[in-house]
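Here is the structure we will look at, set down as structure tokens.
The values are calculated or read from the model by the stated rules, or taken from the named source; none is laboratory data. Predicted, not measured: the structure shown is a model, and the values here were computed from it. Note that we place each Cβ from the backbone using ideal geometry, even for glycine, and neighbour counts take in every protein chain shown.
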Amino acid sequence: MTANESIIQIKQVERTFHVNGRDVHALQGINMDIPRGSFIVLMGPSGSGKTTLLNLLGGLDQPSEGSVLVDGMRLDEVGGESLAALRRRIGFIFQSFALIPTSSVYENVELGLRISGSVPRGEWGTRIRRCVAAVGLLPWIDHRPYELSGGQQQRVAIARALAIRPQIILADEPTGDLDSKTGATVLGLLRELVDNEQVTIVMATHDPAATAYATDVYQLRDGAVAAHEVRA
């Protein structure tokens, strides 16, 4: 595939939850065609469907209607080892960092490799150090999360996601707990992954500063796409 071909296709996706005897339409008629090597920013208020959409893209949930395809595979039609193999090509970054507080930077990144199984064991050490260096944390590789700033912890989470050699990174509010300067550093690092490694990033955020780093910005409102802007 070339960089311009679609890696993710979202076709007429609906997601409805049944809550207290009524239907809540979290997503309504979502259509997206996401090229490989793009940086997609999902903007919108809380409850607009951003996190629900990320869960569908990561194979953590299934649509009520419509389909999500990743590299041509329809996620609701694959299961077992095929779905597990697909998830191993997806890196996740969360607002809460999701780091183990008693483990070092090295060990937290290593955990991602243990879970994914996407990199041969003999390459782990080199891969971990390379990814930690890429986020500027090699001098802190033996430190625990409580010895790091919030921005440094988020960079550990990025290194962990990057270590598994993902084709896709799904990021849910990765700058939500960071100050503007640190957030800009994290956003710049994510854009470098897109430009230099052809990683595809889909990020949900409230942060308007993120749009400056995006290739595409989708505005979600009440579970639907209200606007789509193509950027540089």
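Determine if the range 125-139 includes at least one residue that is in contact with a helix residue (DSSP H, G or I) (Cβ under 8 Å, 6 or more places away or on another chain), among the basic types (Lys, Arg), buried (at least 24 other Cβ atoms within 10 Å of the Cβ) and not assigned by TED's automatic domain parsing to the domain that holds Met32.
Scanning the range 125-139 turns up no residue that is in contact with a helix residue (DSSP H, G or I) (Cβ under 8 Å, 6 or more places away or on another chain), among the basic types (Lys, Arg), buried (at least 24 other Cβ atoms within 10 Å of the Cβ) and not assigned by TED's automatic domain parsing to the domain that holds Met32.
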Checklist line | Candidate set: the range 130-152, residues that are within 18 Å of Ile164 (Cα to Cα) and in contact with a Phe, Trp or Tyr (Cβ under 9 Å, 6 or more places away or on another chain); chosen: the one modelled with the highest pLDDT | finding: Ile141
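Yes or no, residue by residue, for (1) under 15 Å from Phe92 (Cα atoms); (2) in contact with a strand residue (DSSP E or B) (Cβ under 7 Å, 6 or more places away or on another chain); (3) in a helix (DSSP H, G or I):
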position	(1), (2), (3)
Val132	no, no, yes
His143	no, no, no
Gly151	no, no, yes
Gln154	yes, no, yes
Leu170	yes, yes, no
Gly188	no, no, yes
Thr211	no, yes, yes
Val217	no, yes, no
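From the set of residues in the range 1-42 that are among the charged types (D, E, K, R) and in contact (Cβ under 8 Å) with a residue 60 or more places away in the chain, which is farthest from Asp216 (Cα to Cα)?
Top of the filtered list is Arg15.
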Notebook entry, point to check: Among all residue pairs at least 6 apart or on different chains, which show Cβ distances below 7 Å where the first residue, located in the range 148-172, is in contact (Cβ under 8 Å) with a residue 12 or more places away in the chain and crowded, with 23+ Cβ neighbours inside 10 Å and the second is in a helix (DSSP H, G or I) and basic (Lys, Arg)?
Noted result: Ala163/Arg127
Next item on the list: Could you give me the residue pairs with C-beta distances under 7 Å whose first residue belongs to the range 50-73 and is outside the structural domain of Val225 (by TED's automatic domain parsing) and surrounded by 20 or more Cβ atoms within 10 Å (Cβ to Cβ), whose second residue is assigned to a strand (DSSP E or B) and modelled with pLDDT of 95 or more wherever it lies, and which are 6+ apart or on separate chains?
Entry: none
Next item on the list: Output the strands (runs of 3 or more DSSP E) that fall wholly within the range 33-95 and possess 1 or more residues being over 27 Å from Gln152 (Cα atoms), or say none.
Entry: 65-70
